[in-house]
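Okay, so here's the structure we're looking at.
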Amino acid sequence: MEKLKRPVYLKAGTDDFFKKLRTEVNETVLQNSSLYLFNIIKSLGLLVLFFSSYTCILLFGNSTPLLFFFYILCGITMIVLFINAFHDAAHGALFKKSKHNEWFMYVLELFGGNHWLWTRRHINLHHAYPNVPDWDIDIKQSDIIRIFPNSPLFNYHKYQHIYMWFIYPLYSLNWIYIRDFKDFFGKRNNYVKKVVENIPQKEIYKLFLAKALNLFYLLFIPMIVLKQPWYIVLAGWFSMHLCGSMLGVVALVSTHVDEDAHFPETDEDGNLSATWAMHQMIVTKDFSTNSKLANFLYGGFTHHVAHHLFPGVGHTYYPYITPIIMRYAEEYDLPYTSYPFYHAVRSHFRMLKNKGVKENIMMTGEI
């Protein structure tokens, strides 16, 4: 695809709010080592819960209700692991030593992912240029859905606010068995190729091995071991992805892509109109920050502004960083939004409805 200039942020001034914010966070919140320990215990506990649930599939799966129960528990635990533990490790925020984060990310391969690829598209594209057209791969994934104002508009997009209710529950299946292959081998709209010259050959081998291993132990071994019809096991496996995806999609649609979302474009020289920190505040939103359950399930996504400003910090610190961000937002007149998850989801589908029709200049969300 056409090589584009990397976006360049406006240089921060001496009175930039983020310099003061970062100093205060470093001197206060980040001194609490118990939050670091809790993150590790939570992550390892989730890992134990997933493989315990998988073991229960093999032990008790001859009972159809228990088969579905433990598959669904696997699906929920898998997504919570992705959103919390693997997400933090990808940012180097789970363990203090980078090699330990790298080792932990290899566990992602057991879930069918490829941590080399995820790190590059999530860190080098989404976090580097969130909501920037032609760069944020986490928003632009397929022509099935239209979000960016500069994306092509097809006739079927007028119905995307309807049919995406049925497609979003397939998210993890798409990620593991379609999107990764597209990012490795696709030629059209391949954003990864913007930040990677050549994909290491060993990563291609690992890609296929991880997918095969994931299918083998989660689907084929239960088919072989259990006295269930193959289609019942297949249905249980499918329910795992369905339920996990429905839980995970709440986080994915609630933080960057609501009806008031901004999609800042660069000028012809590749320059953006805001500093890096201001850009994060403009394009990122929080949801359900006061819910302990939401914070446990969604980790760094409920306090997503804190995550984008401090991506190298574990998610267990964010509930204590967010009040400081809110104070600075009021003091410096910065954009900050937080709303309940149901409002965020509803707003996202209203955005899909708006983006599915021809836009006028008042609907582009540009700054």
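The values are calculated or read from the model by the stated rules, or taken from the named source; none is laboratory data. Because the structure is predicted, anything quoted here is derived from the model rather than measured. In this analysis, Cβ positions are derived from the backbone assuming ideal geometry, glycine residues included, and neighbour counts consider all displayed protein chains. When the accessible area is computed, the model is the full protein with side chains, heavy atoms only, and any ligands, DNA or RNA have been set aside. Shrake-Rupley method; radii C 1.70, N 1.55, O 1.52, S 1.80 Å.
One table, with the values for the structure above:
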quantity	calculated
Overall Cα dimensions of the chain, principal axis frame, Å, largest first	66, 52, 42
Residue-count net charge about VAL25 - beta-carbon cut-off 12 Å; Lys, Arg +1, Asp, Glu -1	+2
Rounded to the nearest 20 debye, dipole of the chain from Cβ charges on Lys, Arg, Asp, Glu	1040
Span-rule helices in the chain, defined as complete DSSP H runs reaching 18 Å or more along the axis (Cα) with Kyte mean at least 0.5	33-60, 64-81, 230-253
Bins of 5 Å, starting at 0 and running to the largest distance - Cα pair percent for region 20-72	4, 18, 15, 11, 10, 9, 8, 7, 7, 6, 4, 1
Dipole of region 1-75, positive end: most advanced residue of ASN62, TYR9, SER52 [Cβ charges, Cα centre]	TYR9
Candidates PHE82, PHE18, PHE341, ranked by Gaussian network fluctuation over the chain, Cα under 10 Å, top entry	PHE18
Qualifying GluC sites (Glu not before Pro) in region 217-310, DSSP loop, other Cβ atoms within 10 Å at most 13	GLU268
Calculated P(r) of region 135-263 - Cα pairs past 19 Å, %	62
Within the chain, helix-based [θ] at 222 nm, where runs of 4 or more DSSP H residues each add -39,500 (n - 2.57), nearest 500	-15500 deg cm²/dmol
DSSP loop trypsin sites (Lys or Arg not before Pro) with at most 13 other Cβ within 10 Å: longest gap in the chain	228-357
Dipole magnitude of region 15-130, debye to nearest 20 (Cβ charges: Lys/Arg +1, Asp/Glu -1, about Cα centre)	160
P(r) of region 142-212 over all Cα-Cα pairs, binned every 10 Å from zero, in whole percent	16, 39, 31, 14, 0
Greater than 24 Å apart at Cα, pairs in LYS96/LYS202; LYS20/LYS99; LYS187/LYS211; LYS20/LYS140; LYS285/LYS353; LYS99/LYS194	LYS96/LYS202; LYS20/LYS99; LYS20/LYS140; LYS99/LYS194
Distance between modelled label sites at HIS343 and GLN31, nm, 7 Å Cα→Cβ extension	3.4
Region 209-300 shape via C-alpha gyration tensor axes, a/c threshold 1.5	prolate
Cα point-scatterer Debye curve for region 253-367, base-10 log of I(q)/I(0) at q = 0.10, 0.14, 0.22 Å⁻¹	-0.32, -0.62, -1.25
Cβ-based charge dipole, the chain, positive-most Cα from ASN32, GLY356, THR77	THR77
Order of exposure, largest accessible area first, which applies to TYR177, TYR156 with probe 1.4 Å	TYR156, TYR177
Mean Cα-pair separation over length for the chain, i.e. relative contact order, pairs under 8 Å, 6 or more apart, %	27
Spherically averaged projected area in nm², based on the convex hull that wraps the Cα atoms of region 10-138	10.9
Shape of region 210-250, Cα gyration tensor, a/c cut at 1.5	oblate
